[in-house]
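We did not get these values from a lab; they are worked out from the coordinates using the rules stated. Values in this document were obtained by computation on a predicted structure and should not be read as measured data. Cβ placement follows ideal geometry from the backbone for every residue including glycine, while neighbour counts extend to all protein chains displayed.
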Amino acid sequence: MSVFHFQRFDVRNDLSAMKVNTDGVLLGAVTDVFPEDRSVLDIGTGTGTIALMLAQRLGDLSDNFLVHAIDIDEPSAAEASANFVDSPWNSSLRAFRMGLKEFSMPDSPGEAAYDLVVSNPPYFDSSLKAPSERRNNARHVGDPEDGTGVEALSYREVLEYSMSHLRPGGRVAVVLPSDQEKALLRHARMRGFVPWKILRVKSVPRKAVSRIIVQFRRKGECPEAVEEEISIMDEKGRHTLQYISLVKDYLLSSTFSR
């Protein structure tokens with residue numbers, strides 16, 4: 001059994017179509033949580049890593065919170081559920097094998113129920129397909145008219161859902177390739193969201209930005225966006241102090257190359 005060890009929880013990493021990865025870990029570490037947050041939704045949870053990272057911080061702030069995690073891939077949802085049961089926050093984490101279109105907060109259908117929606121959505125709209133069909137579904141934006149029965153999921157669906165399911169003051173956080181930044185920000189504004197924090201991520205300083213992590217709030221609820229940039233590795237192949245400072249509360253020290 002493949003297990004990824006974090007400081008305060010373990011993640012089984014066998015069944016999920018998408019394994020523990022840097023994008024997810026960064027999103028879980030960067031996304032802000034507030035003391036008043038009580039309900040979170042992780043869309044496309046995979047192994048449940050992001051949900052567990054958020055639960056760690058929420059649990060340090062309050063005993064009264066709930067994190068829902070959904071994934072349309074059945075083995076992924078089952079693995080996330082097992083990881084939740086084995087975690088210190090098992091009573092506050094719930095995984096559902098369900099697509100976004102049919103999901104609503106249990107016992108609150110159609111209500112604006114979440115303080116935070118977070119997602120590492122599929123984003124390779126036109127790139128070369130992966131060999132595994134399940135991995136394709138996890139990594140590529142679906143086409144609702146392609147006849148395969150695979151539900152489309154992208155940042156567009158995440159923002160659409162968030163419009164009606166976020167409480168006042170609620171936030172949305174997503175990670176995407178940097179070449180989708182303009183389209184993401186444009187679509188967000190069309191749906192009433194503006195960027196609150198933008199983190200641009202490079203693999204090494206000399207290379208171009210490869211990922212963006214954007215946290216959104218509704219228009220009128222935040223000042224101008226705070227924009228930052230980090231590199232994961234330095235030119236000698238060591239993790240940068242910037243990266244370590246972001247993930248040091250989650251990853252084991254043995255994970256870092258120094």
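Structure above, values below:
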{"quantity": "Counting DSSP beta bridges with both ends in the chain, the antiparallel % (nearest 5)", "calculated": "45 percent"}
{"quantity": "Glu228 versus Ser245: modelled label distance in nm, points set 7 Å from Cα along the beta carbon direction", "calculated": "0.7 nm"}
{"quantity": "At least 18 Å along the helix axis (C-alpha) and Kyte average at least 0.5, DSSP helices within the chain", "calculated": "49-61"}
{"quantity": "Normalised contact order of the chain, rounded percent, pairs of Cα under 8 Å and 6 or more residues apart", "calculated": "17 percent"}
{"quantity": "Virtual spin-label span in nm between Ser203 and Val85, 7 Å along Cα→Cβ", "calculated": "3.8 nm"}
{"quantity": "Estimated 222 nm signal from helices in the chain, with DSSP H stretches of n ≥ 4 weighted -39500 (n - 2.57), rounded to 500", "calculated": "-8000 deg cm²/dmol"}
{"quantity": "Protection-proxy order for peptides 49-62, 157-170, each taking the mean of Cβ atoms within 10 Å per residue, highest first", "calculated": "49-62, 157-170"}
{"quantity": "Pairs of Lys in the chain closer than 15 Å at Cα, counting only those 8 or more apart or on different chains", "calculated": "4"}
{"quantity": "Protection proxy ranking, peptides 187-194, 235-242, average beta carbon neighbours within 10 Å, highest first", "calculated": "187-194, 235-242"}
{"quantity": "Protection-proxy order for peptides 63-71, 173-181, each taking the mean of Cβ atoms within 10 Å per residue, highest first", "calculated": "63-71, 173-181"}
